[in-house]
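Note sheet for the following structure.
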Amino acid sequence: MNNKRKQVVLFIRGVIASILVLGIGYAIYSNFIKDKGATASTGTNLAPNFILIDLKGNEVNLEDYRGKGVLLNFWATYCPPCEKEMPYLESAYKDYKDKGIEILAVDVGEPRILVDQFVSKKGLSFPVLLDWKGDTADLYKVQTLPITFLINEKGEIVDKITGEMTEEAVRQHLDSIVPK
């Protein structure tokens, strides 16, 4: 009986070790090897187009911003790093909007009333768009928040920033997409 118990314990340990190895392998694959960028879905650097509703009820079409540099930020009110970078985006928006730059902040999966309260509390003036179903986030293969895509005046994605940005980083990234 004692020998059989040892075999069962060893078997269970083997199963657990196998599950851990598979989990770690998948995490490495999905985060470092697999191409997660929006360009993978289009086969080009062209940013996938979308039409979303802003907080005023207006339709916003990404293609309407051709000729401008666009900082496309995916975020949510419950995300502390997202909340932290909002004042940086607001400050930069005021300084860059007359240089041919647009900031579009896409809230993923939250109700309008919650987002509207957040935007009012933070005093945000750049367009905030609502992606209730997460379709646009899926189109851009968003897996973590915040994530920011830099789109040049030709509509091409030139960079993707995962995670929170400092105010200095926001400005440096915007400098890289000011239309020529």
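The values are calculated or read from the model by the stated rules, or taken from the named source; none is laboratory data. In this text, all values refer to a predicted model and were calculated from it rather than measured experimentally. Cβ sites come from the backbone with ideal geometry, for glycine too, and all protein chains shown count toward neighbours.
I need a count of the residues in segment 105-150 that are within 16 Å of residue 87 (Cβ to Cβ) and part of a helix (DSSP H, G or I).
Qualifying residue count for the region: 5.
Give the residues of segment 112-150 that are within 17 Å of residue 60 (Cβ to Cβ), in contact (Cβ under 8 Å) with a residue 60 or more places away in the chain, buried (at least 18 other Cβ atoms within 10 Å of the Cβ) and among the aliphatic types (A, V, I, L, M), sorted by residue number.
115, 119, 128, 129, 130, 137
Scan segment 25-72 for residues that are at pLDDT below 55, surrounded by fewer than 10 Cβ atoms within 10 Å (Cβ to Cβ) and not acidic (Asp, Glu) and report the count.
3
Scan segment 7-22 and give yes if some residue there is in the same structural domain as residue 142 (by TED's automatic domain parsing), modelled with pLDDT of 70 or more and β-branched (Val, Ile, Thr), otherwise no.
No: segment 7-22 contains no residue that is in the same structural domain as residue 142 (by TED's automatic domain parsing), modelled with pLDDT of 70 or more and β-branched (Val, Ile, Thr).
Hey, does segment 73-91 have a residue that's among the charged types (D, E, K, R), at pLDDT 95 or above, farther than 21 Å from residue 131 by Cα and not in a loop (DSSP other than H, G, I, E, B)?
Looking through segment 73-91, none of the residues is among the charged types (D, E, K, R), at pLDDT 95 or above, farther than 21 Å from residue 131 by Cα and not in a loop (DSSP other than H, G, I, E, B).
Do you know which of the residues in segment 151-177 that are in a loop (DSSP other than H, G, I, E, B) and of a type outside the set (Ser, Thr, Tyr) is nearest to residue 67 (Cα to Cα)?
153
Pairs needed: first member in segment 54-65, under 13 Å from residue 151 (Cα atoms); second member anywhere, among the charged types (D, E, K, R); C-beta distance under 7 Å; at least 6 residues apart or different chains.
Here the result reads 65/102, each pair linking segment 54-65 to a residue that is among the charged types (D, E, K, R).
If you check 100, 109, 69, which single one turns out to be within 18 Å of the chain's Cα centre (by Cα), closer than 23 Å to residue 171 by Cβ and touching a residue at least 12 places away in the same chain (Cβ under 8 Å)?
Step by step, each of 100, 109, 69 is checked, and only 69 is within 18 Å of the chain's Cα centre (by Cα), closer than 23 Å to residue 171 by Cβ and touching a residue at least 12 places away in the same chain (Cβ under 8 Å).
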